[in-house]
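Heads up: the structure comes next, in structure tokens.
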Protein chains: 2
Amino acid sequence: MEASARVIARRGVRGLRVEELAAEAGVSTALIYYHFKDRTGILRQTLEFINDRAERYTRERAAAEQLSPVEELRSTLLLELQDVPEVRENSTAWGELRASAVFDETLREDLARATLVWVHEIAELLARVRPMATAPALAAAAERLIALLEGLSMRWLSGGVPLDHARSLLSDAIDAEVARLGA
Amino acid sequence: MEASARVIARRGVRGLRVEELAAEAGVSTALIYYHFKDRTGILRQTLEFINDRAERYTRERAAAEQLSPVEELRSTLLLELQDVPEVRENSTAWGELRASAVFDETLREDLARATLVWVHEIAELLARVRPMATAPALAAAAERLIALLEGLSMRWLSGGVPLDHARSLLSDAIDAEVARLGA
């Protein structure tokens, strides 16, 4: 799965060749097909892998830091915008899986489910900051923050905005959403 | 250029074949190469074409409606989220050009320039709503709104969110940014 995330981040979903993946993982193509059945199986498992990995380097890390609720929220979201190989690779692969779903419907359900889980996680963190906010207001704020993060992440990865600037735009958006959810 | 936007929206940037483009435009491949020199020339001109076209179906249309400044801003941004073939094709092609820039540096400068023009346009509309806001605050709000719009647009095109919901999330974000810029 690590090899697959690496190959997708290097060549894109549409450039993913099972032969290259097998070479990267140091196994035979037969073993790849045995494990994942087909290309869709590879993509589906890779999506799950990058989500689990993001969970580790964002939520779990932020939760371990014993921050105030608003700082835990900020830290969780900003940890997605870091110039370290793991995050860059994860974000590139996630953006590619999302972009390929525009043309190919196969992964849409998996992507929708993964996005929903992510929205719930962020809505939960927002609820700790604003316990009186309604569930729909929290969900909408979480959806906006995540969609903004995806937009900024694509812009950063494609060289359209420096990382610091993307981080500061996201940080200000967090403040705006928290302010909007009231006291 | 229309044919090129259509082919990119159908197959993606990486699926763009000059033969298919020539067939779509009803001309010879030699004529395509004569006009655009190479693949990069095609992509560069297509980017310009989709930006000009977006300008027409968003800003010019919103400006013609004689709206209040905040409604003109809202209309301009929401016109990017419409389920009509021209907008869907434009947004798909734009998303593809952005996504391909993660892997290929050729178009990065053109994309950055086009994005900057777009940020300025939205910042100008915001300035009419909030004449006392500072230029950096206006630019940051415009950047956030556009990055959010791109994120929502990708999510809509990949089947991750219904159009109405994407529009309502964007509309609320406009209110939040306007509120944040003060009176």
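The values are calculated or read from the model by the stated rules, or taken from the named source; none is laboratory data. Given the structure is predicted, the values throughout are model-derived calculations rather than measurements. Counting neighbours? That spans all protein chains shown, and the Cβs are built from the backbone with ideal geometry, glycine included.
Taking into account only those residues within segment B:151-168 that are surrounded by 24 or more Cβ atoms within 10 Å (Cβ to Cβ), at the interface with another protein chain (Cβ under 7 Å from one of its Cβ atoms) and in contact with an Asp or Glu (Cβ under 8 Å, 6 or more places away or on another chain), which is nearest to A:Leu152 (Cα to Cα)?
My answer is B:Gly151.
Restricting to segment B:64-105, and then to whatever is in contact (Cβ under 8 Å) with a residue 12 or more places away in the chain, over 14 Å from the mean Cα position of the chain (by Cα) and within 18 Å of B:Glu143 (Cβ to Cβ), can you tell me which residue is surrounded by the fewest Cβ atoms within 10 Å (Cβ to Cβ)?
B:Arg74
Scan segment B:156-183 for residues that are assigned to a loop (DSSP other than H, G, I, E, B) and closer than 21 Å to A:Gly95 by Cα and report the count. Steps first, answer last, please.
Of the residues in segment B:156-183, the ones assigned to a loop (DSSP other than H, G, I, E, B) are B:158-162, B:181-183.
Cutting the leftovers down to closer than 21 Å to A:Gly95 by Cα gives us B:158-162.
Number of matching residues: 5.
Mind checking which pairs have a first residue in segment A:158-181 that is modelled with pLDDT under 95 and a second that is part of a loop (DSSP other than H, G, I, E, B), Cβ under 8 Å, 6 or more apart or different chains?
Sorted first by the residue in segment A:158-181, then by its partner, the pairs are A:Gly159/B:Glu105; A:Val178/A:Arg130; A:Leu181/A:Arg130; A:Leu181/A:Ala133.
Scan segment B:127-183 for residues that are acidic (Asp, Glu) and touching a Phe, Trp or Tyr at 6+ places or on another chain (Cβ under 7 Å) and jot them down.
Across segment B:127-183, there are no qualifying residues.
Assuming B:Gly182 fulfils every condition listed in (1) within 8 Å of another protein chain (Cβ to nearest Cβ); (2) at positive phi apart from one, which condition is it?
(1)
Among the residues of segment A:20-35, write down those that are more than 16 Å from A:Thr46 (Cα to Cα) and surrounded by 14 or more Cβ atoms within 10 Å (Cβ to Cβ).
Residues satisfying the conditions are A:Ala23, A:Val27, A:Thr29.
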